[in-house]
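Novice: Below is a structure I'd like to ask you about.
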């Protein structure tokens with residue numbers, strides 16, 4: 001089954017279409033970006049809000065000189081239920097789609113190393129600088145426990161341990177391992193490098209574990225501030241997917257691998273939908289842009305990583 005993507009992608013970033021305001025005559029834009037470093041890969045998601053607090057596609061954003069792409073969320077939820085990653089299915093469109101579409105910026109799989117500098121530059125239509133930010137890549141975040149080949153049983157407690165991330169010393173652990181595909185989170189914790197999922201939480205099927213690291217000064221500043229020009233946060237990530245209640249080993253049959261891959265993709269899809277629902281609940285009564293921003297900067301990046309982890313976990317064993 002092919003992935004159904006409720007996003008329209010424009011592969012080459014340009015000034016596509018127009019918004020309710022123009023960066024050339026109205027420079028008061030708010031630019032927010034979160035870069036996630038996973039090993040040597042950097043993925044960045046960003047949005048631009050104009051003075052009227054509407055999401056805009058009027059900026060040119062680059063990461064170390066590489067232009068970010070522009071995508072558009074439709075008003076309907078995304079359905080992630082197929083075999084392809086989000087960026088594999090990449091239709092192009094001319095101009096900005098009509099109707100209720102919300103723009104965002106993205107750049108995936110940008111290679112870098114520790115101590116490299118990530119230069120974030122956002123410019124308006126006439127070249128006016130909207131936001132610049134430079135961040136040195138912190139020490140790599142490494143998941144020590146559980147090991148990549150570990151398997152678990154329903155109801156078992158799971159010990160999680162990690163290292164690295166310096167100078168980022170605030171961490172958040174999230175995991176999905178229940179039949180409802182609800183994401184559990186520790187919230188941000190400081191100077192802790194281990195956590196245990198208590199007994200009785202996980203059930204059969206794949207178990208997703210994710211650890212994030214940020215500078216502690218960045219963790220309480222996610223709200224949009226229209227009076228500011230914005231910010232670019234660099235966040236570290238380490239995680240993966242583990243098998244529960246199934247003995248899947250190298251040499252497993254094709255059908256078994258396909259079954260596990262399907263289960264993994266479905267759980268990633270369900271967890272994404274649960275994340276969007278949580279965004280709605282957190283922003284109840286607010287404009288839909290808050291939901292879109294939450295979806296773009298929280299739900300989508302995690303969903304992309306989990307779908308990729310599903311492939312890496314099961315396709316490295318036996319894939320046709």
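The values are calculated or read from the model by the stated rules, or taken from the named source; none is laboratory data. This structure is a prediction, so every number in the text was calculated from the model and none was measured. Glycine also receives a Cβ, built like all others from the backbone with ideal geometry; neighbour counts cover every protein chain displayed.
Novice: Against the definition (part of a helix (DSSP H, G or I), modelled with pLDDT under 80 and more than 12 Å from the chain's Cα centre (by Cα)), how does residue 249 come out, yes or no?
Specialist: So residue 249 does not fit the description; no.
Novice: How many residues does region 101-116 hold that are within 22 Å of residue 171 (Cα to Cα) and either surrounded by 21 or more Cβ atoms within 10 Å (Cβ to Cβ) or free of Cβ contacts under 8 Å to residues at least 60 places away in the same chain (or both)?
Specialist: Final tally of qualifying residues: 3.
Novice: Taking the options 132, 128, name whichever one is over 15 Å from residue 211 (Cα atoms), out of contact with any strand residue (DSSP E or B) (no Cβ under 8 Å at 6 or more places or on another chain), surrounded by fewer than 18 Cβ atoms within 10 Å (Cβ to Cβ) and touching a residue at least 12 places away in the same chain (Cβ under 8 Å).
Specialist: Criteria check complete, one pass: 128.
Novice: Separate question: Taking the conditions exactly as written (at pLDDT below 95 and assigned to a strand (DSSP E or B)), does residue 175 satisfy them or not?
Specialist: Yes: the conditions hold for residue 175.
Per-residue answers, yes or no, for (1) closer than 18 Å to residue 301 by Cβ; (2) surrounded by 19 or more Cβ atoms within 10 Å (Cβ to Cβ):
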position	(1), (2)
159	no, no
164	no, no
176	yes, yes
194	no, no
206	no, yes
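Novice: For residues in region 192-229 being within 21 Å of the chain's Cα centre (by Cα) and part of a loop (DSSP other than H, G, I, E, B), which is modelled with the highest pLDDT?
Specialist: The selected residue is 215.
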